[in-house]
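Worksheet: the structure to be examined is printed underneath.
Bear in mind these aren't lab numbers, they're just calculated from the coordinates by the rules spelled out. Predicted, not measured: the structure shown is a model, and the values here were computed from it. Neighbour counts are summed over all protein chains in view; Cβ atoms, including those assigned to glycine, are modelled from backbone coordinates with ideal geometry.
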Amino acid sequence: MAKALVGLVTGAASGLGKATVNRLVNDGYKVIMCDLPTSSGNTIAGSLGSHVKFVPTDVRSETDVKKAVDTCQELYGKVNLIVNCAGISTARKTCNFNKGSPHDLQEFSNILMVNVVGSFNVIRLGAALMGKNEVDENDQRGVIINTSGFAAFDGQMGQAALAASHGALNSMTLTIARDMASQNIRHCTIAPGLFDTPLTDFLPEKVKSFFSDMTPFPKRLGKPEEFANLVVSIVNNPFLNAEVIRLDGALRFS
């Protein structure tokens, strides 16, 4: 019997990350869930059984991320898959001319620190363990997947910080794939459109309906399970590497 695969998922207590955890568990993975201490990660992990371990993690912290990676090593001796779903957003114009108020610089910096620096922090530390794996039947040691978003391509008014972070994640994809190639590790990025997650719960139903109508097909928001399906598809296709994949029902913003 093949040994179980081990996945590390950030932003794992809600939305896309939680759906990814559920899918990996259903597929027989052992999973290390990473999310903030204030999240419901511990409760979720407890409901999923002994093969899931929650490690409170701020992805910006080297200490926190190292603890999560060390937990993979201590419990299972490896990590085969890393999925970065941790991310934050904001809606703020570069300058509010009516109020004479420029975009708060710390808020802009926080978006980049969590979305970009945090993702890179997880990759650089997780790859050190992943690179020690024995190669599998496809001659690979592991897969790393980042999450960016539509703002990298179609950033809307007030999304300068989010677009910058998503664009950075997309731009890193090829470089990181090249960096990892010597160790037979693949790296891709998923760029979701609008998904039905806690990040969109605050939107009024009429706004959700508006975005659904804008989506060519299917005319709805994405389901988190569809994101998780794509994660598994990337893992299962050993020739897919250095690719940014839009997952948005063909939704495009002007």
Segment 103-243: relative contact order as a whole-number percent, Cα under 8 Å and 6+ apart: 25
Antiparallel bridges, percent of DSSP beta bridges restricted to the chain (to nearest 5): 5
Checking the table K30/K78; K18/K219; K93/K223; K93/K206; K93/K208 against a 18 Å threshold on Cα-Cα, which pairs fail? K18/K219; K93/K223; K93/K206; K93/K208
Between exposed GluC sites (Glu not before Pro) in the chain, where DSSP calls loop and at most 13 other Cβ atoms lie within 10 Å, what's the longest gap? 1-133
Apply the Karplus parameterisation 6.51 cos²θ - 1.76 cosθ + 1.60, with θ equal to phi minus 60°, to every residue of segment 29-45 and state each ³J(HN,Hα) to the nearest whole Hz, in sequence, with x for glycine and proline. 6, 9, 10, 9, 8, 10, 7, 5, x, 7, 7, 8, x, 5, 5, 5, 4
Cα convex hull of the chain, projected area averaged across orientations, nm²: 14.3
In segment 59-162, the trypsin sites (Lys or Arg not before Pro) that sit in a DSSP loop and have at most 16 other Cβ atoms within 10 Å of their own Cβ are R60, K93, K99, K132
Charges at C-beta only: +1 for Lys and Arg, -1 for Asp and Glu. How large is the resulting dipole of the chain about its Cα centre, in Debye rounded to 20? 200
So if I take the centroid of the Cα atoms in segment 112-150 and the same for segment 174-228, what is the distance between those two points in Å? 18
Using the Karplus curve 6.51 cos²θ - 1.76 cosθ + 1.60 with θ = phi - 60°, work out ³J(HN,Hα) for each residue of segment 232-241 in order, rounded to whole Hz, and write x for Gly and Pro. 5, 4, 4, 4, 7, 10, x, 9, 8, 8
